[in-house]
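Peer 1: Take this structure, written in structure tokens, and hold onto it; I'll ask about it next.
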Amino acid sequence: MNRTRYIPFERNRYFYGKLLTVRDFLTEQTYNADKRRLVNRLLFGSGVVAGLQVVAVDDKSVSVSTGVALDQLGREIVVPSPLTLKLSNVEGFSNNDYAKSVYLCVAYDEKGKEPVHSVAGASGRDEEVSEYNRILESYRIFIREQPPAPNYMEYDNLIRDTFVWHDDGQVRVLQTVPRYVEPDREFELVLTVEKTLQTPHIEFEYEPAWSGVEAAEELANGKIRFSEPTDAEQTSHTRVFRLRALPLPEGETRVLAHLAARPESARLVVGERVIRDLSHLEQTVEVSVEPAADRILEAYFSRPLDRAMEAPNEPCVYLAKINLLQMGSTYVIHSVEQLPFRDMVINPTMFYKLTAALGPFSSAPREFSASVQAPSVQQPAEETFPDIKEDFKSIMEEEEDPLKNERVSTGIVEISIVPPPKQKWYHRRQRTFFSEEIPHGLGAGPVFLTAGLSDEQDDSDVALPEMWGRRDTVHYGPLEVFAKSEFESDLPRISIGFIHYPKKGTFRIGVRLNKKTDRTRVRLRWWAVRAGLDMSAAGKSGLEELEQGLEEAAPANG
């Protein structure tokens, strides 16, 4: 199927005495191939099915492993043997600018094989009466120097909307929001900045003008802002902002929330160049009482066939993003990013195994998992003997420990570790960060404080990115103790300090970064312990005993 529009299928009808011509045999082949490709494109999508890993073998060459992929027309692309390619010899690679990022693509191709003499002279030319006896289904590997449009994949476009702030071939700024959210539900606004390795430092900001949504976390100076880390070597940076959909007006079940920027507030800084001629932001998010997953499925199944059959003019699969560094009058390969646009095809068996291992839709967004639940099966109630403890509970009230909530308290605090931009080039980058004043709930007087890095999986006010993969643990003391072991963690390396305000019953936590990290905040589990001493009765000896205990416990807090 080499077309994007659906054409009704027709197949040969055989009968005794039928004269079979070339047209009949071609119809037979086309019918079977087009049927299979229609199933591929509508049921499985496009992308890499297996293999096709791309790795750099030297400064100017890459290797592509064997593998299989499906393109947007449902055609199978098979690379039967590994190959090594020098970039300068690959189709589409130009030498006009070496400080760039290029994309290695693979596409379906056909080639004639086994030339034979044509008795009938089908070519119509006396000097050339040969035909090919076979058609070899092959592939074509080439370079594209520009990324595809953000919503070139139909399935992405059904789930989220991506707006292009700026794209000049060196820098691309994107903003992504979901298509559908539920009222009073938090969602993510993702700001993505893509650049070449040799592009100068980038900053971007704008003042939002929203209706129907609000910020779920405090915005610095009331702006959506990105500042590239000065020591970063990535070509793509992502900044996530938490937003919340406002409740719907009375009587409404569905409204459109609008995301825009205040006039002349958007600013992109690339090195010393300030760019204000940016695209005019205008995004919408549908806020509906209907679950987001149901709205996505409704949009998916209500699309016309012509929309489902759409495909790019030159269908291909993006295998890798290759980041180049200019070295004098030539280039070197700096890094290779596999499947930069996540073009993958997963088969039903693997999908079943994955969901069975992780639990049904355990890693799906909250809007999706909340609306898709396994059907409940009522089991007959099991007859059990009455528990005598339950009978006593109904007669006697359980006594509560009066000191239970007075001697120990705990909580979780989030501390942002995003440093403010440097005012001057010679200023040191901030490495210390502090929390707000925290009440520990034990009242006035001395308490013992400690804290550890929380990797727990319980809910918190600030959602952590899924890529951080929490392990349901709390880490105290130096994390280097567990380095190069099965217990090693990717949590940031920090030092923790406290300031206690005994008269107010509050404290403040400070952290110092000891090592570079990709995280934008740290999550701490703190504990406050109050000694079970009555100071009015204990006198001086009791106070001295408490102070001695605090001094002995102090090293553990470092």
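The values are calculated or read from the model by the stated rules, or taken from the named source; none is laboratory data. This one's a predicted model, so the numbers in the text were calculated from it and none came from an experiment. Glycine also receives a Cβ, built like all others from the backbone with ideal geometry; neighbour counts cover every protein chain displayed.
Peer 1: If a residue must be assigned to a helix (DSSP H, G or I), basic (K, R) and touching a residue at least 24 places away in the same chain (Cβ under 8 Å), how many such residues does the range 3-35 contain?
Peer 2: The total comes to 1.
Peer 1: Can you tell me how many residues within the range 125-184 are within 22 Å of E290 (Cα to Cα) and without any contact (Cβ under 8 Å) to a residue 24 or more places away in the chain?
Peer 2: 3
Peer 1: Right, next: Condition first: more than 30 Å from Y300 (Cα to Cα), among the charged types (D, E, K, R) and either surrounded by 13 or more Cβ atoms within 10 Å (Cβ to Cβ) or outside the structural domain of Q338 (by TED's automatic domain parsing) (or both). Can you find one or more residues in the range 48-66 that meet it? Full working, then the answer.
Peer 2: First pass over the range 48-66, keeping only residues more than 30 Å from Y300 (Cα to Cα): 53-66.
Filter once more, keeping what is among the charged types (D, E, K, R): 58-60.
From the residues that got through so far, the ones that are either surrounded by 13 or more Cβ atoms within 10 Å (Cβ to Cβ) or outside the structural domain of Q338 (by TED's automatic domain parsing) (or both) too are 59-60.
So far as the range 48-66 goes, yes, one or more of its residues are more than 30 Å from Y300 (Cα to Cα), among the charged types (D, E, K, R) and either surrounded by 13 or more Cβ atoms within 10 Å (Cβ to Cβ) or outside the structural domain of Q338 (by TED's automatic domain parsing) (or both).
Peer 1: Which members of the range 76-101 meet the condition of being part of a strand (DSSP E or B) and more than 14 Å from K321 (Cβ to Cβ)?
Peer 2: Passing the criteria: E76, I77, V78, V79, L83, T84, L85, K86, E91.
Peer 1: Out of L73, L43, L104, L38, which single residue is surrounded by 12 or more Cβ atoms within 10 Å (Cβ to Cβ) and part of a helix (DSSP H, G or I)?
Peer 2: On inspection, the qualifying residue turns out to be L38.
Peer 1: Hey, can you tell me all the residues within the range 266-279 that are on the phi < 0 side of the Ramachandran plot, touching a strand residue (DSSP E or B) at 6+ places or on another chain (Cβ under 9 Å) and either basic (K, R) or in a loop (DSSP other than H, G, I, E, B) (or both)?
Peer 2: Those that are on the phi < 0 side of the Ramachandran plot, touching a strand residue (DSSP E or B) at 6+ places or on another chain (Cβ under 9 Å) and either basic (K, R) or in a loop (DSSP other than H, G, I, E, B) (or both): A266, R267, R276, D277, L278, S279.
Peer 1: Let me ask you something else. Only strands (runs of 3 or more DSSP E) wholly contained in the range 393-497 count here; list those with 3 or more residues that are farther than 30 Å from H201 by Cα, at pLDDT 85 or above and in the same structural domain as V511 (by TED's automatic domain parsing).
Peer 2: 408-416, 448-454
Peer 1: Here is a further query. Just the residues that are touching a residue at least 24 places away in the same chain (Cβ under 8 Å) and either over 25 Å from V48 (Cβ atoms) or crowded, with 18+ Cβ neighbours inside 10 Å (or both), please, taken from the range 108-122. Before the answer, list the steps.
Peer 2: Narrowing the range 108-122 to residues touching a residue at least 24 places away in the same chain (Cβ under 8 Å): 108-112.
The answer is Y108, G112.
Peer 1: Further question: Among (1) within 30 Å of F44 (Cβ to Cβ); (2) acidic (D, E); (3) part of a loop (DSSP other than H, G, I, E, B), where does D306 come up short?
Peer 2: Here D306 clears every test but (3).
Peer 1: Which one of these does L19 not meet: (1) surrounded by 14 or more Cβ atoms within 10 Å (Cβ to Cβ); (2) not assigned by TED's automatic domain parsing to the domain that holds L319?
Peer 2: (1)
Peer 1: Can you tell me which residue in the range 523-537 is modelled with the lowest pLDDT, limited to those that are out of contact with any Gly (no Cβ under 9 Å at 6 or more places or on another chain) and surrounded by fewer than 20 Cβ atoms within 10 Å (Cβ to Cβ)?
Peer 2: In this case the residue turns out to be A537.
Listed here are the residues, each with its yes/no results for (1) of a type in the set (D, E); (2) in a strand (DSSP E or B); (3) touching a residue at least 40 places away in the same chain (Cβ under 8 Å).
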| site | (1), (2), (3) |
| --- | --- |
| P249 | no, no, no |
| L259 | no, yes, yes |
| E264 | yes, no, no |
| L281 | no, no, yes |
| V285 | no, yes, yes |
| R295 | no, no, yes |
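Peer 1: I've got another one for you. Name the one entry in L268, L243 that is under 23 Å from the mean Cα position of the chain (by Cα), at pLDDT 85 or above, surrounded by 18 or more Cβ atoms within 10 Å (Cβ to Cβ) and not assigned by TED's automatic domain parsing to the domain that holds Q430.
Peer 2: Going through L268, L243 in turn, just one is under 23 Å from the mean Cα position of the chain (by Cα), at pLDDT 85 or above, surrounded by 18 or more Cβ atoms within 10 Å (Cβ to Cβ) and not assigned by TED's automatic domain parsing to the domain that holds Q430: L243.
Peer 1: Any chance the range 88-101 includes a residue that's touching a Cys at 6+ places or on another chain (Cβ under 9 Å), surrounded by fewer than 19 Cβ atoms within 10 Å (Cβ to Cβ) and not aromatic (F, W, Y)? Working first, answer last.
Peer 2: Filtering the range 88-101 for residues touching a Cys at 6+ places or on another chain (Cβ under 9 Å) gives 92.
Next, from what is left, pick out any that are surrounded by fewer than 19 Cβ atoms within 10 Å (Cβ to Cβ): 92.
From what's left, not aromatic (F, W, Y): 92.
Taking every residue of the range 88-101 in turn, at least one turns out to be touching a Cys at 6+ places or on another chain (Cβ under 9 Å), surrounded by fewer than 19 Cβ atoms within 10 Å (Cβ to Cβ) and not aromatic (F, W, Y).
Peer 1: Counting only residues that are modelled with pLDDT of 80 or more and acidic (D, E), which one in the range 116-138 is nearest to E194 (Cα to Cα)?
Peer 2: Among those that are modelled with pLDDT of 80 or more and acidic (D, E), it is E137.
Peer 1: I141 is checked against (1) at pLDDT below 85; (2) under 30 Å from V90 (Cβ atoms); (3) over 25 Å from the mean Cα position of the chain (by Cα) and fails just one. What number does that condition carry?
Peer 2: So I141 meets the others, but not (1).
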